[in-house]
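A short write-up of the structure that comes next.
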């Protein structure tokens, strides 16, 4: 008894800090500290603090749902969803078809969601079926399923019989453009809803609310019977099987959910950004989302809604802050390099954790 | 009866080589459609063989040691590029330039390879995705070095290489003074087709090295590690070290390969030459009938020929069919990715099958013991 | 024993590689040689140009120089060998001779003044470094591609 007490007293501040760093993850700590430093440095280099905050929140609102899409598959033990582009493609199909069918204004957003949903469910189901065949090798195959589908769709964007003059190349009269403006369709449709403007600070309340709704839905789902079963499948498939959970079906559901969220996520991203980006644009979209959730504290087999929110904020904070601050400070725009090293480093860190490698 | 047997054999042979067979079919359809002349096609294929085979051979060693497709070969490519940037700045021309670039790439490759190997040892069982992410991560470091440190920290003299702002390397670095110097030395023309004999000799040398290496103690160790890490460890093999060596070798070879590749191209696209090289090499290898755990020199050669035939004819054939040349471009990208996807799926399903078979066997044995 | 042998073997390999690299650096150093057929003044003396000089390098004609003309040749390594066919006066006879010039390692571009060289002046008189006088073209800042953008490239 005494010894234990002694031990506790011996825990110096350094030890405690080290323990904290170990539990929180050193890379995560470095990234958080870096962002903090950026925020502190911003006013000194002449960048307006509130503009920076607005930008960060804005970008947060665009990306948060894409990051949220990571959660179900991590829970069911399918790992990080590097196949996010598949869901994004469903969203793009929804977006382009909605415009093709002549919907305009806010209703085009609703229709895009409505069209994207069945496509996402179908593709997600196929994708989930595939991932059930190759348990243990999900991440690599997910990556390449994403790549294959994006490059396949590149051909399709050219070949599918789209006619809407706002979307096809003017001179050829066929084949979709690489970027399509959403003006007159659903540009900022969520962001402008209840938007708050105080001085330089502007908050896209609608988008945030939409994210909050989905995030709450996800949280609630994870607490239902099916949701807990999903977590059980992820943490201990043998046990889950013994408890009568249909492992394959649960995994399939998680993949469908993830794909659907990715489809919705890209639509929300587009409404904030103002453009639909086709062809190679979705190619590497999985990587920022993956690293964001990892920066937020998730691991390959554990993720919470809090991880999503913290991670997206940190990641987007760095993305928006580094160019301005770095440029003003040392007149060198190293933000690109910092972003790549930080985000990929974070993914590497997560992949090399011992506890998670034992599967 | 005999015929039936033959048919069965043929069928199983086709099944085992489904990927190359599919590619032969694709090529057979696309070549006439593309309207390209045979001599042009042959010339292109021979050039691309000389350009790419060395790089692809670099993939064989990690496959041998069970580490799968080394997406981290990009690291070697980056090392080769950095070496070539130096050589080009120092104005070393011709074959001496190529040799010097190869030597210079070795320390960089070893360093990067050791780093990659160490990390892969921490991520056993998911080497491929990890090596894939490592290639992105290292690309960030590469940019840091090439785009910011070259100039002020690492001396670069010539303004034909440096960006006008004073630091960083330009988007393209010309290798005019060593362009195709390996390919042109000893080159012979056979019926209008230029054959870069020296390049092929170097490739042959590497093939011999690989064949010899398989029989050495280290090569045997690698194969043992590839088959079963635990058994190998029990047999007294230092598994971690063997794996690191295998990645280092692959990275060094990839560095050499990149130098050969770039001397043929005649210039370096500083920020993009390496980015897709891993993917294309892997796709070519898989097209040749290799799998994630088994690949031979024959696969490399067959793969290069088939993959590149497809690569050359696809845009033209696509344009002939749909009237849009971009379709063909996208088609060949799609095929590259699809081939890798299919190969990965086949590998994983097979792995699972073997696992479940072993589990069944174990269960049966236990049952037998219980009785 | 085995370990020391291994170490020696490795050090040996390293030494050989370094040696090869060093040799390559000397052997492969490329220079552009500019040959000027121009009047030279040196220490108060004037050296006149021949009427015509034909320059051959490795058996190939690289330049035919009349008065105040400049030709160029590339050379790998520091030993530059050229054959000059010199016609002193218009209509006069040709004299053919082969010359070898040591090029300084550090110069990318080397200007050689032929009249000075032919008169047997010391190196500092006939040999100068070529510095590009063409103004740096005011290039627009090159776009650096995003690292993770998809690029097809050639393969």
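The values are calculated or read from the model by the stated rules, or taken from the named source; none is laboratory data. Quantities reported herein were computed from a predicted structural model and do not represent experimental measurements. Cβ atoms come from the backbone with ideal geometry, glycine included; neighbour counts cover every protein chain shown.
Listing for the model above:
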read-out: Any strands (runs of 3 or more DSSP E) falling wholly within the stretch B:135-231 and containing at least 2 residues that are loosely packed, with under 12 Cβ neighbours inside 10 Å and touching a strand residue (DSSP E or B) at 6+ places or on another chain (Cβ under 8 Å); value: B:188-190
read-out: Failed condition for residue B:96, given (1) in a helix (DSSP H, G or I); (2) more than 8 Å from chain C (Cβ to nearest Cβ); value: (2)
read-out: Residue count, the stretch A:301-339 (criterion: closer than 25 Å to residue A:233 by Cβ and crowded, with 22+ Cβ neighbours inside 10 Å); value: 4
read-out: First in the stretch B:318-333 and under 19 Å from residue A:178 (Cα atoms) and more than 10 Å from every other protein chain (Cβ to nearest Cβ), second anywhere and assigned to a helix (DSSP H, G or I) and at pLDDT below 85, Cβ under 7 Å, 6 or more apart; value: B:325/B:315; B:325/B:318; B:325/B:319
read-out: Any hit, the stretch B:107-126, residues being within 11 Å of chain C (Cβ to nearest Cβ) and part of a helix (DSSP H, G or I); value: yes
read-out: Residues of the stretch A:266-294 satisfying the condition of being away from every other protein chain (no Cβ under 14 Å) and out of contact with any strand residue (DSSP E or B) (no Cβ under 6 Å at 6 or more places or on another chain); value: A:266, A:267, A:268, A:269, A:271, A:272, A:273, A:274, A:292, A:293
read-out: Yes/no for residue B:83 being within 27 Å of residue A:345 (Cβ to Cβ), assigned to a helix (DSSP H, G or I), within 11 Å of chain C (Cβ to nearest Cβ) and at pLDDT 85 or above; value: yes
read-out: Every residue from the stretch B:186-240 that is at positive phi and touching a residue at least 40 places away in the same chain (Cβ under 8 Å); value: B:191, B:192
read-out: Residue that is modelled with the lowest pLDDT, among those in the stretch A:324-359 that are at the interface with chain B (Cβ under 8 Å from one of its Cβ atoms) and not in a helix (DSSP H, G or I); value: A:359
read-out: Residue check, residue A:95 in contact (Cβ under 8 Å) with a residue 60 or more places away in the chain, under 25 Å from residue A:271 (Cα atoms) and either outside any loop (DSSP other than H, G, I, E, B) or within 14 Å of chain B (Cβ to nearest Cβ) (or both); value: yes
read-out: Residue check, residue A:174 outside any helix (DSSP H, G or I) and within 14 Å of chain B (Cβ to nearest Cβ); value: yes
read-out: Matching residues in the stretch B:300-309 - criterion: being closer than 26 Å to residue A:130 by Cβ and buried (at least 24 other Cβ atoms within 10 Å of the Cβ); value: B:303, B:307
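Per-residue answers, yes or no, for (1) under 22 Å from residue A:284 (Cβ atoms); (2) away from chain C (no Cβ under 13 Å); (3) in a helix (DSSP H, G or I); (4) in contact with a helix residue (DSSP H, G or I) (Cβ under 7 Å, 6 or more places away or on another chain):
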| position | (1), (2), (3), (4) |
| --- | --- |
| B:248 | no, yes, yes, yes |
| B:251 | no, yes, yes, yes |
| B:254 | no, yes, yes, yes |
| B:260 | no, yes, yes, yes |
| B:279 | yes, no, yes, yes |
| B:283 | yes, no, yes, yes |
| B:293 | no, yes, no, yes |
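Conditions tested, residue by residue: (1) over 20 Å from residue B:32 (Cα atoms); (2) buried (at least 21 other Cβ atoms within 10 Å of the Cβ).
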{"residue": "B:293", "(1), (2)": "yes, no"}
{"residue": "B:323", "(1), (2)": "no, no"}
{"residue": "B:331", "(1), (2)": "no, yes"}
{"residue": "B:341", "(1), (2)": "yes, yes"}
{"residue": "B:348", "(1), (2)": "yes, yes"}
{"residue": "B:358", "(1), (2)": "yes, no"}
{"residue": "B:366", "(1), (2)": "yes, no"}
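Yes/no per residue for (1) more than 23 Å from residue B:339 (Cα to Cα); (2) touching a helix residue (DSSP H, G or I) at 6+ places or on another chain (Cβ under 6 Å); (3) part of a helix (DSSP H, G or I); (4) at pLDDT below 85:
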site: B:15; (1), (2), (3), (4): no, no, yes, yes
site: B:28; (1), (2), (3), (4): no, no, yes, no
site: B:33; (1), (2), (3), (4): no, yes, yes, no
site: B:44; (1), (2), (3), (4): no, yes, yes, no
site: B:55; (1), (2), (3), (4): no, yes, yes, no
site: B:62; (1), (2), (3), (4): no, yes, yes, no
